[in-house]
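A.B. asks: Please read through the structure below; I'll follow up with questions.
The values are calculated or read from the model by the stated rules, or taken from the named source; none is laboratory data. Not measured: the values here are computed from a predicted model. FYI the Cβ positions are ideal-geometry reconstructions off the backbone, even for glycines, and counts take in every protein chain you see.
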Amino acid sequence: MRLIQCSHRGQIRSALVEHEQQVRLLDADTYTLAMRAIRSGKPLSDIVEASMTEDRLDYQQLIDEKCLLPPLTHSDPAHCLVTGTGLTHLGSADTRDAMHAKAKADESEMSDSMRMFNLGVEGGKPSAGDIGAQPEWFYKGDGNCVVAPETPIPVPGFAKDAGEEPELAGLYVIGNDGTPWRVGYAIGNEFSDHVTERFNYLWLAHSKLRACSFGPELLIGDLPRHLEGSSRIMRNGKTLWGKPFLTGEANMSHSLANLEYHHFKYDNFRRPGDVHVHFFGTATLSFADGISPQEGDRFDISLPEFGRPLRNSLRFETDNTTSAISSL
């Protein structure tokens, strides 16, 4: 079962994807449906079936009229936290190690990236009930950093790079008792400034404070262990760069449960009513192939199990100023 969210007659509404060209409108947004499921103790799929209306909408028309929204949102963006983990996929260390490798006096000395990756390989998939290795973790922002599918991703004037990161994103709401509930999964473009990150690994935190996108569809239910998709950059209607990418637990050094544990173990990430968007990492970047995206380029990220691809163009901002600081 897959859902989208859209703007419909001035309201945010969720809709069930019936097929590639048609969605069936539901009577509320995804957040409201998730809260209904929590309160009732029923699976979200049951709530979706009970919330169907008779209204069916043309999927492509929603795209053309720019009515698509991220598939899960909070009415107050400050109550949506966007975070992620890195070095989680088999093969993800290769690009990162090349970016962060330091001069080695001894061939046995590993970069910090490779050490972190090896921690995941050795202990990222613990037995049930055990706690596994802690992954790399980063913060991207609140809900204001999320842009809708089919809309441009803004690049700040101070940025050095504007690179895609094709990933899975886990979408969550926090129940009234502080319990995190996974609503489902979506395709994500975590989007980072890899030039800033490469200059010094301690600038990783800065490189992640950028916009991002996820969707357009929310997958409800079990996630396949093996997922194979494609990531492309389109320029002037032609493919500038493209590669397949693998994700799902069969291609990861960490289990999803381990990544979720190490995020939600913090009390302040279990605040009742909040939404969380958590990116699970990638091993495929155009930056590794020397690509420098430009104004108007479009990122296309697709996974067949998730329906339509996630597509966003790039918009470079020229204003490099910040608000003046005032003293009280």
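A.B. asks: So which residues in the range 277-292 are within 19 Å of Phe245 (Cα to Cα), of a type outside the set (Ser, Thr, Tyr) and in contact (Cβ under 8 Å) with a residue 40 or more places away in the chain, if there are any at all?
C.D. replies: Result: His278, Phe279, Phe280, Gly281, Ala283, Leu285, Phe287, Ala288, Asp289, Ile291.
A.B. asks: For the range 186-204, which residues satisfy the criterion of being touching a helix residue (DSSP H, G or I) at 6+ places or on another chain (Cβ under 8 Å) and part of a strand (DSSP E or B)?
C.D. replies: Ala186, Ile187, Ser192
Quick grid of which residues meet (1) under 30 Å from Val23 (Cβ atoms); (2) in contact with a Ser or Thr (Cβ under 8 Å, 6 or more places away or on another chain):
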| residue | (1), (2) |
| --- | --- |
| Arg270 | no, yes |
| Gly273 | yes, no |
| Val277 | yes, yes |
| Asp297 | yes, yes |
| Leu303 | yes, yes |
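A.B. asks: Can you confirm whether the range 118-135 contains a residue that is within 14 Å of Leu204 (Cα to Cα), surrounded by fewer than 19 Cβ atoms within 10 Å (Cβ to Cβ), assigned by TED's automatic domain parsing to the domain that holds Leu240 and hydrophobic (A, V, I, L, M, F, W, C)?
C.D. replies: No - not one qualifying residue is present in the range 118-135.
A.B. asks: Before we move on, is Lys42 basic (Lys, Arg), under 22 Å from Tyr185 (Cβ atoms) and either outside any helix (DSSP H, G or I) or at pLDDT below 95 (or both)?
C.D. replies: When the stated conditions are applied, Lys42 passes them.
A.B. asks: Just checking, does the range 87-101 include any residue being at pLDDT 90 or above and closer than 30 Å to Gly273 by Cβ?
C.D. replies: Checking the range 87-101: at least one residue is at pLDDT 90 or above and closer than 30 Å to Gly273 by Cβ.
A.B. asks: Right, next: Of Leu240, Leu314, which residue is in a strand (DSSP E or B) and more than 30 Å from His79 (Cβ to Cβ)?
C.D. replies: Within the list Leu240, Leu314, the selection yields Leu240.
A.B. asks: Something else now. Testing Ala324 on (1) within 20 Å of Ile4 (Cα to Cα); (2) aliphatic (A, V, I, L, M); (3) surrounded by fewer than 17 Cβ atoms within 10 Å (Cβ to Cβ), one condition comes back false. Which one is that?
C.D. replies: (1)
A.B. asks: In the range 185-202, what residues are modelled with pLDDT of 95 or more, of a type outside the set (Asp, Glu) and on the phi < 0 side of the Ramachandran plot?
C.D. replies: If the condition is that a residue be modelled with pLDDT of 95 or more, of a type outside the set (Asp, Glu) and on the phi < 0 side of the Ramachandran plot, then Tyr185, Ala186, Ile187, Gly188, Asn189, Ser192, His194, Val195, Thr196 are the ones that fit.
A.B. asks: Could you list, in sequence order, the residues of the range 205-223 that are part of a loop (DSSP other than H, G, I, E, B) and surrounded by 15 or more Cβ atoms within 10 Å (Cβ to Cβ)?
C.D. replies: Within the range 205-223, Leu209, Arg210, Ala211, Gly215, Pro216, Glu217, Ile220, Leu223 qualify.
A.B. asks: Under 27 Å from Ser14 (Cα atoms), touching a residue at least 12 places away in the same chain (Cβ under 8 Å) and in contact with a His (Cβ under 9 Å, 6 or more places away or on another chain): does that describe Gly248?
C.D. replies: Answer is yes for this residue.
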